[in-house]
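Trainee: Have a look at this one before I ask anything.
The values are calculated or read from the model by the stated rules, or taken from the named source; none is laboratory data. Keep in mind it's a predicted model, so treat the numbers as computed, not measured. Cβ sites come from the backbone with ideal geometry, for glycine too, and all protein chains shown count toward neighbours. Side chains are part of the model used for accessible areas, which takes the heavy atoms of the whole protein and leaves out ligands, DNA and RNA. Shrake-Rupley method; radii C 1.70, N 1.55, O 1.52, S 1.80 Å.
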Amino acid sequence: MTAARTRRTARQQQLLDRLVDLCEAEGFAGFTLDDLTVRLGCSKTTLYSLAGSKLELAVEIVRASFRRATDLIEARLDGVEGAGPLIDTYLRAVADHLQSLSPAFLADIAAFPATDAVYRRNTEAAADRIRQLVSEGVASGELRQVHAGFVAEMVAATMFDIQRGRLFERLELSDAEAYAELADFVVQALTD
């Protein structure tokens, strides 16, 4: 992530949103900048106003995708009460989001170290959110007494295995299916 971000105009933000929609549906690696200008009806100069290179543009698209996902996932928690239901809702919202992404987009993210690093940082943030939810549940007595940091690290390790495709290789579970299984496991382990 760059230290200093420029503020985008409404038109630039709209273009970035369209790029996110396109890339979430079709991936980004196969597109040239010329392809994107045709698909989006803009100039290369306009694309370069978002990022200085195709790789930097891909990073911006992945960041914007995860920002959007975070907002949607957190919105799903509104009105949910209880530690178990919050954890379950959170992990299922992550699963639902991943299910909405094309396999091409997920493969492209994993194929480039810079975009994979964005995915990794967002997975770490998700693990931190789980740590917070578990800590709050333990403190309120809703969840059994566990070391919230350990649970979060276990969840994070599983999330990273999901991210790297290791669970799919071993179990043939999609990322979304793996997150749903993780939700079931964690909530049952903490509430039974």
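Trainee: So which of Asp71, Asp35 ends up being over 23 Å from Glu124 (Cβ atoms) and surrounded by fewer than 13 Cβ atoms within 10 Å (Cβ to Cβ)?
Mentor: Just a single option satisfies the conditions, and that option is Asp35.
Trainee: Scan region 136-192 for residues that are closer than 19 Å to Glu81 by Cβ, touching a Leu at 6+ places or on another chain (Cβ under 9 Å) and assigned to a loop (DSSP other than H, G, I, E, B) and jot them down.
Mentor: Glu142, Leu143, Arg144
Trainee: Now for a separate question. Which of the residues spanning region 74-101 are modelled with pLDDT of 90 or more and either within 21 Å of Leu19 (Cα to Cα) or among the β-branched types (Val, Ile, Thr) (or both)?
Mentor: Within region 74-101, Val80, Ile87, Thr89 qualify.
Trainee: Assuming Ala51 fulfils every condition listed in (1) of a type in the set (A, V, I, L, M); (2) in contact with a helix residue (DSSP H, G or I) (Cβ under 6 Å, 6 or more places away or on another chain); (3) open to solvent by 70 Å² or more (accessible area, probe 1.4 Å) apart from one, which condition is it?
Mentor: (3)
Trainee: Out of (1) open to solvent by 40 Å² or more (accessible area, probe 1.4 Å); (2) in contact with a Ser or Thr (Cβ under 8 Å, 6 or more places away or on another chain), the odd one out for Phe160 is which?
Mentor: (1)
Trainee: Exactly one of (1) in contact with a Phe, Trp or Tyr (Cβ under 7 Å, 6 or more places away or on another chain); (2) over 18 Å from Arg76 (Cα atoms); (3) open to solvent by less than 20 Å² (accessible area, probe 1.4 Å); (4) in contact (Cβ under 8 Å) with a residue 40 or more places away in the chain is unmet by Val94. Its number?
Mentor: (2)
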